[in-house]
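Enquirer: Okay, handing you the structure first.
The values are calculated or read from the model by the stated rules, or taken from the named source; none is laboratory data. Since we're looking at a predicted model, the values are computed, not measured. Note that each Cβ is placed from the backbone with ideal geometry, even for glycine, and that neighbours are counted across all protein chains shown. Heads up: the accessible areas ignore ligands, DNA and RNA and are worked out on the full protein's heavy atoms, side chains in. Shrake-Rupley method; radii C 1.70, N 1.55, O 1.52, S 1.80 Å.
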Amino acid sequence: MGKTITRSDLANAVHQQIGLSYNECSQLVSGVLDEVTDCLVTGESVKLSSFGTFSVHSKNERLGRNPKTGVEAVITPRRVLSFRPSNLMKKRINAG
């Protein structure tokens, strides 16, 4: 498994590609990620062309079971984030 990519790594990649100062690139990456997060918090889907779609789904309260002990418990309602990669992303990943 490869290295985890961080905000700093993304800012550094933008810095090398575009040539802006590292601080400007760091602010740019943070701004983009903040905008994506804000849209998801309000319930909007975020579609990035040739990458994929992030969306938020609501799950209702349900009865679950602790797999270790077998004790039943109520799972509270919550919102979950899902990501669906684009077909282009799937092809690139499967090509190696």
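Enquirer: So, with a 1.4 angstrom probe, what is the percent of accessible area on the chain that is carbon and sulfur?
Expert: Roughly 55 percent, rounded to a whole number.
Enquirer: Net charge around Lys59, counting only other residues with Cβ within less than 11 Å of its Cβ (Lys, Arg = +1; Asp, Glu = -1)?
Expert: Within the 11 Å Cβ shell, the charges total +2.
Enquirer: Now for a separate question. Among Leu33, Thr53, Thr76, whose Cα projects farthest towards the positive end of the dipole of the range 24-91, with charges put on the beta-carbon of Lys, Arg (+1) and Asp, Glu (-1)?
Expert: After comparing all options, I get Thr76.
Enquirer: Once you have the Cα-Cα distance between Asn23 and Ile93, take 0.36 nm times their residue separation minus that, and quote the gain in nm to one decimal.
Expert: Residue separation times 0.36 nm, minus the Cα-Cα distance, leaves 22.1 nm.
Enquirer: Where a ≥ b ≥ c are the square roots of the eigenvalues of the C-alpha gyration tensor, would you call the chain rounded, which needs a/c under 1.5, or, failing that, prolate if a/b is larger than b/c, or oblate?
Expert: On the way: a/c = 2.22, a/b = 1.93, b/c = 1.15.
It comes out prolate by the Cα gyration axes.
Enquirer: Now a separate question. If you count only protein heavy atoms with a 1.4 Å probe, what accessible area per residue comes out for the range 18-96, rounded to a whole Å²?
Expert: In whole numbers, the range 18-96 has 80 Å² accessible per residue.
Enquirer: To make sure I understand the rule: partners must be lysines, Cα under 19 Å from the Cα of Lys91, and not fewer than 8 residues away in the same chain. Which ones qualify?
Expert: Straight-distance partners of Lys91: Lys47.
Enquirer: Taking each full run of DSSP H in the chain as one helix, which ones are at least 15 Å long along their axis (Cα atoms) and have mean Kyte-Doolittle hydropathy of at least -0.5?
Expert: Those that pass (Cα extent of 15 Å or more, hydropathy at least -0.5) are 22-41.
Enquirer: Here is a further query. Taking Cα centroids, how far is the range 1-49 from the range 60-79 in Å?
Expert: 35 Å
Enquirer: Taking a cut-off of 26 Å between Cα atoms, list the lysines near Lys68, but don't count ones fewer than 8 places away on the same chain.
Expert: Lys59
Enquirer: Given points 7 Å out from each Cα along the Cα-Cβ axis, report the Gln16 to Ser30 separation in nanometres with one decimal.
Expert: Inter-label distance under the simple model: 2.2 nm.
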